[in-house]
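Report on the structure given below.
Derivation of every value follows stated rules applied to the coordinates shown; laboratory data play no part. This one's a predicted model, so the numbers in the text were calculated from it and none came from an experiment. Neighbour counts are summed over all protein chains in view; Cβ atoms, including those assigned to glycine, are modelled from backbone coordinates with ideal geometry.
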Amino acid sequence: MKPGTILVVDNQAIDNGVCGSNMGLTLFGRGLRGFVSNQVCRDTDEMILTRIPVYQDPMLSPRGINQGRMWVESYNQPVVVGHVLVMPGDIIVADSDGVAVVPRAKAEQVAEIARWIFEDDEVTRGQIYDRIGKPRDWTMQGHTPPPPPSDKPLHPAPVWDKKK
């Protein structure tokens, strides 16, 4: 496993977790940086306490693990998780609001657009803080107005087109 790996699992098992907190901590020590799946980990409270990111459907979160009943069918292959196709090498971005999958071939374009949206939002939030008389907190420090939108045309292929 390469350092920085996000393990994206298409777990079709019913109520069988791929790992618990012990395996999660072991993999984290080997460079894993998070889990994404429809259902992948049990012991999610312990995973949260040890700051190991787990993004899974809480309604499908497995309750147990049946030793010897699960096996690796393949790895570094396309999988579908949450109705989204994930290809090996795709960029995974996740927070408490959800998970986004960015095709590696479109990463620079998406990063440019996302950065502009983020900076524009921060400026707007700063203006709201100022208007309501709230002191700016750490989330507002260091942001300056973003440059105007680029005149450079966007790539003709849509972002979700996974061709390289």
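Before moving on, here are some points about what is shown:
- Modelled spin-label separation between Met1 and Glu112, with each label point placed 7 Å from Cα along the Cα-to-Cβ direction: 3.5 nm.
- Amide hydrogen proximity for Val8: with H placed 1.01 Å from N in the peptide plane, the residues at 5 or more positions away or on another chain lying under 5 Å are Val36.
- Binning all Cα-Cα separations of the stretch 6-102 at 10 Å, short to long from zero, yields these whole-percent fractions: 16, 53, 31, 1.
- Extending 7 Å from Cα along the Cβ direction at Thr50 and again at Tyr75 yields two label points whose distance is 1.8 nm.
- Taking Lys and Arg as +1 and Asp and Glu as -1, the other residues whose beta-carbon sits under 15 Å from that of Pro3 total +3.
- Coupling constants for the stretch 129-140 follow from the phi torsions by the Karplus curve (6.51 cos²θ - 1.76 cosθ + 1.60, θ = phi - 60°), and in residue order they are 3, 4, 5, 8, x, 8, x, 5, 9, 4, 6, 10 Hz; glycine and proline get x.
- For a modelled paramagnetic label at Ile128, 7 Å from Cα along Cα-to-Cβ, no residue of the stretch 80-103 is in reach, as no backbone nitrogen comes under 13 Å.
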